[in-house]
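The next block holds one structure in the form of structure tokens; read it before the comments.
Every number in this text was worked out from the coordinates using simple rules, so none of it is lab data. Remember, it's a predicted structure, so these values are computed and weren't measured experimentally. For neighbour counting, all protein chains shown are included, and Cβ atoms are generated from backbone atoms with ideal geometry for every residue, glycine included.
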Amino acid sequence: MAICISQTQTLQCSAELVVATLLDHEHLDRFFNASFATLPAHTGIWRRQVKMLGYQFIEHVKHTEQYSIEYYIAGQSPVKNHHAKIHLTPLKAGCQLVYVINCDAKFWQPTWLLKALITQDLQRALIKLKAYCDAC
């Protein structure tokens, strides 16, 4: 069964600062409950190795537009068909971030539980990102 999670956060800093912060792969652990390591780019796509909750996987990251970042998990992962998009909209005072994650649960994972865990982790990350960016 498909899982779709959408979270919105308003930040009091520029969209450019938020994009730069989220593309600083080596320091994403400030916000997310995971460790990240940059890997060599492949065919123009940034790659990062993620270690989280005993899992290790590779994310392919595309910065497609000025205010958009997309990434997906390539190969083995804790979920199936993971794809995420982050879009920022500049406002007069700051910006609005919309973070959407789509994935499928593996056959043995309860969909409702997986969705709750991902949502909770994402909400915590966005609170930390807001505190960091609003302080800049």
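Values computed for the structure shown
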| read-out | value |
| --- | --- |
| Unmatched cysteines, the chain - criterion: no other Cβ of a Cys under 4.7 angstrom | CYS4, CYS95, CYS103, CYS136 |
| Alpha-carbon radius of gyration plus Dmax, which is the widest Cα pair, for the chain in Å | 14.6, 46 |
| Helix 111-135 vs. the chain, principal-axis angle (Cα, 0 to 90°, nearest 10) | 20 |
| Full-stretch length increase - LEU39, ASN102 - with 0.36 nm per residue and alpha-carbon distance subtracted | 20.3 nm |
| log10 of Debye I(q)/I(0), alpha-carbon scatterers only, for the stretch 1-60 at 0.22 Å⁻¹ | -1.06 |
| Estimated Rh, the stretch 34-93: Kirkwood, alpha-carbon pairs, angstrom | 12.6 |
| Gyration tensor verdict on the stretch 91-135 (Cα atoms; rounded if a/c is under 1.5, prolate if a/b is larger than b/c, oblate otherwise) | prolate |
| Convex hull volume per residue for the stretch 60-110, taking Cα atoms only, in Å³ | 76 |
